[in-house]
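Student: Before anything else, here's the structure in question.
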Amino acid sequence: MLHGWLQRMMRTDRPDAGYYVGICVNCGIGTPADEPLARSYYLWAAGEGVIEAMVAAGEMLLNGRGGPADPDLARDLFEYAAEHEHVGAIFAMGVMATDNRERAMSYFRRAAEMGHPKAKLMMAGDMVLA
């Protein structure tokens, strides 16, 4: 029922509904769980400019969930979301910056300042990229 309602919302020019359909399909809420389909919904909503969908799609692309891994597209999505102050995307950019410790730390520091729990722990303890 919820899944169908959200799909109708998507057809009435509500791209954020695509993100929520992705959540339903990803988590099996009101419909069987289906990672490839969830990834498709997230990517569609991301293409429509939904920041949360960019981050959800980026995670799936980075980790190869619901299809082949595509770290380059994941990075592009995370970069855009980070530019729009999405704290999870900022943290993800730090994780992906393994080739540049200084850049990684600047992302983690920024995420910590914005309240990201793991980033705050990293800045407070010895977990800082040993």
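The values are calculated or read from the model by the stated rules, or taken from the named source; none is laboratory data. Source: prediction; values computed, not measured. Every residue, glycine as well, gets a Cβ built from its backbone with ideal geometry; the counts of neighbours run over all protein chains shown. Remember, those area values only see protein heavy atoms, side chains included, never the ligands or the DNA or RNA. Shrake-Rupley method; radii C 1.70, N 1.55, O 1.52, S 1.80 Å.
Student: For region 1-41, what are the residues that are over 21 Å from Ile51 (Cβ atoms), open to solvent by less than 40 Å² (accessible area, probe 1.4 Å) and at pLDDT 90 or above?
Tutor: Gly28
Student: Something else now. Within region 23-67, which residues are of a type in the set (Gly, Ala, Ser) and under 18 Å from Ala89 (Cα atoms)? Give the derivation first.
Tutor: Step one: list which residues in region 23-67 are of a type in the set (Gly, Ala, Ser), which gives 28, 30, 33, 38, 40, 45-47, 49, 53, 56-58, 64, 66-67.
Once the filter is applied, which keeps residues that are of a type in the set (Gly, Ala, Ser) and under 18 Å from Ala89 (Cα atoms), region 23-67 yields Ala45, Ala46, Gly47, Gly49, Ala53, Ala56, Ala57, Gly58, Gly64.
Student: Any residue in region 62-76 that is closer than 16 Å to Gly18 by Cα, among the aliphatic types (A, V, I, L, M), touching a residue at least 24 places away in the same chain (Cβ under 8 Å) and assigned to a helix (DSSP H, G or I)?
Tutor: Within region 62-76, none of the residues are closer than 16 Å to Gly18 by Cα, among the aliphatic types (A, V, I, L, M), touching a residue at least 24 places away in the same chain (Cβ under 8 Å) and assigned to a helix (DSSP H, G or I).
Student: So, one more: Please pick out the residue among Gly94, Gly115, Gly58 that is out of contact with any Phe, Trp or Tyr (no Cβ under 9 Å at 6 or more places or on another chain) and either buried (at least 16 other Cβ atoms within 10 Å of the Cβ) or not in a helix (DSSP H, G or I) (or both).
Tutor: On the way: Gly94 fails: out of contact with any Phe, Trp or Tyr (no Cβ under 9 Å at 6 or more places or on another chain); Gly58 fails: out of contact with any Phe, Trp or Tyr (no Cβ under 9 Å at 6 or more places or on another chain).
Of Gly94, Gly115, Gly58, the one residue that is out of contact with any Phe, Trp or Tyr (no Cβ under 9 Å at 6 or more places or on another chain) and either buried (at least 16 other Cβ atoms within 10 Å of the Cβ) or not in a helix (DSSP H, G or I) (or both) is Gly115.
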